[in-house]
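To start, the structure itself, in structure tokens.
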Amino acid sequence: QVQVVESGGGLVQPGKSLTLSCAASGSIFSTYLMEWYRQAPGKQRELVATITKSGSTYYTNSVKGRFTISRDNAKNTVYLQMNSLKPEDTAVYYCKIVGVNYWGQGTQVTVSS
């Protein structure tokens, strides 16, 4: 079964940066459409960013210009570079392979002074 493992979360001050990583299993990672989601306390899980196998990207409006999704197919890894972090970015962040019904444990990001 294809699985993902998220890492890189932590506590960071507003305005700072953090990079999340997601390592995926499977020999055909390069063909996967990958997404980052987040879920804040008491809120529904929301789609943050998407990257296609060719590298095209999509971002939700609230993170445009601040977050960058990228992938390294040689390492079976997708990244989420987060800049200018705000307290409202606080959430558990999950990555997901589109079309695969599997959620990892996620990684907690807390933005607080």
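Quick notes on this one:
- Criterion (in a loop (DSSP other than H, G, I, E, B), in contact with a Pro (Cβ under 9 Å, 6 or more places away or on another chain) and among the small types (Gly, Ala, Ser)) met by exactly one of Ser84, Ser54: Ser84
- Close pairs (8 angstrom Cβ cut-off, 6 or more residues apart or separate chains): acidic (Asp, Glu) in the stretch 4-28, modelled with pLDDT of 95 or more and open to solvent by less than 60 Å² (accessible area, probe 1.4 Å) anywhere: Glu6/Leu20; Glu6/Ser21; Glu6/Cys22; Glu6/Tyr93; Glu6/Tyr94; Glu6/Cys95; Glu6/Gly106; Glu6/Thr107
- Take the conditions (1) more than 19 Å from Gln108 (Cβ to Cβ); (2) surrounded by fewer than 19 Cβ atoms within 10 Å (Cβ to Cβ); Ala24 misses just one of them, which is (2).
- Candidates in the stretch 82-93 are the residues that are of a type outside the set (Val, Ile, Thr) and surrounded by 15 or more Cβ atoms within 10 Å (Cβ to Cβ); of these, the one that is nearest to the chain's Cα centre (by Cα) is Tyr93.
- Considered as a group, the residues in the stretch 1-17 that are of a type outside the set (Gly, Ala, Ser) and open to solvent by less than 30 Å² (accessible area, probe 1.4 Å) include one that is farthest from Gln108 (Cα to Cα), and that residue is Val4.
- Within the stretch 1-53, the set of residues being modelled with pLDDT under 95 and within 19 Å of Leu85 (Cβ to Cβ) comprises just one member, Pro41.
- Evaluation of Glu35 against (1) farther than 21 Å from Ser112 by Cα; (2) loosely packed, with under 13 Cβ neighbours inside 10 Å; (3) not aliphatic (A, V, I, L, M) (one fails), failing number: (2)
- Taking the stretch 94-111 as the range and being surrounded by 13 or more Cβ atoms within 10 Å (Cβ to Cβ), in a loop (DSSP other than H, G, I, E, B) and out of contact with any Lys or Arg (no Cβ under 9 Å at 6 or more places or on another chain) as the test, only Val100 passes.
- Residue, most open to solvent (accessible area, probe 1.4 Å), within the stretch 59-80, restricted to residues that are assigned to a loop (DSSP other than H, G, I, E, B) and free of Cβ contacts under 8 Å to residues at least 24 places away in the same chain: Lys64
The values are calculated or read from the model by the stated rules, or taken from the named source; none is laboratory data. Keep in mind the model is a prediction, meaning the values are calculated, not measured. Using ideal geometry, Cβ is built from the backbone for each residue, glycine included, and neighbour counts are taken over all protein chains shown. Areas reflect the complete protein model, heavy atoms only, side chains present, ligands, DNA and RNA absent. Shrake-Rupley method; radii C 1.70, N 1.55, O 1.52, S 1.80 Å.
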